[in-house]
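Working notes for the structure below.
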Amino acid sequence: MSETPSRPEQAAAVIKVFAVLEALAGGRRSSLAELAETAATSKTTAHRLLQTMVDLGYVEQDGETEKYGLTLRLFSLAARSLHERDDLLRAADGPMGKLSRATGESINLGVLDSREQKVVYIHKYDAAFSLSMTSTLGLRNPLHSTALGKALLAFRDEEDVQERVAGMVLERRAPRTITDPAVLVEALRQVRSRGYAEEVEESEAGVRCMAVPVFDHLRRPIAAISISFPLLRFDEARKADYVRLLTDCGKAVSEALGCPAGIAEPAS
């Protein structure tokens, strides 16, 4: 009779499975040796895990190269998960498109991943320019270094903000990333006061972003919308226009979600 794996062994197996899936998520087919190295396991274990994923329909193996790749089954799972956010996506698409046409810049919609304390990108409009800031749907970025993250944080209860900031690792990601918790808390107070978040070379060198929150029918901040600019193309003379357009976008989405008119716009 075979022994039941212990909890640590089960957890280790799950970690290896997701290491393989994340490696394949890049879109490039990989060999058994490459995936075994990524998952920090033996080829024998990696082969067993991959064969199980093939049997379940999540992974396929090329008959000629013997390399592995993801099937569309994971995409189907993700699409079903996003179904829960259908109302948000439907409400945001039109105003985001209008903002995209008015500015020509990259527009992103992000939500909070509370477990990882990150912002997750779930919808976007790419810029009309060849030199532009591109994002990937499903991308996760830290809250402290992004305008989206700050907009998601700033309009929460003060106690919630303090607790979340205390639990963060404020890693430096660019020349002007905030790495001091006290400075971040003060920056969030300023965001709440003026009604929009901003970051200049805090997440990526040469990039400037602005973001506003999106509120639901209970006036809870459930998402944020941002404009991203290459720093060299940001027109300081148009900043007030950018803020107005962005704020109007956030207000339109919030009201479409049932936030009462008049309070869908952050107090400034």
Would you point out the residue of region 148-188, among those that are surrounded by 13 or more Cβ atoms within 10 Å (Cβ to Cβ) and among the basic types (Lys, Arg), that is nearest to the chain's Cα centre (by Cα)? Lys150
Count of region 103-145 residues which are more than 26 Å from Pro181 (Cβ to Cβ) and at pLDDT 90 or above: 12
I'd like the full set of residues that are surrounded by fewer than 15 Cβ atoms within 10 Å (Cβ to Cβ) and among the acidic types (Asp, Glu), limited to region 12-36. Glu22
Top-ranked residue in region 252-268 [being at pLDDT 90 or above and farther than 15 Å from Ile107 by Cβ; ranked as surrounded by the most Cβ atoms within 10 Å (Cβ to Cβ)]: Ser254
Which numbered condition trips up Leu231, out of (1) at pLDDT 95 or above; (2) closer than 23 Å to Leu139 by Cβ? (1)
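The values are calculated or read from the model by the stated rules, or taken from the named source; none is laboratory data. All values reported here derive from a predicted model rather than from experimental measurement. Methodologically, a virtual Cβ is constructed for each residue, glycine included, from the backbone with ideal geometry; neighbour enumeration extends over all protein chains shown.
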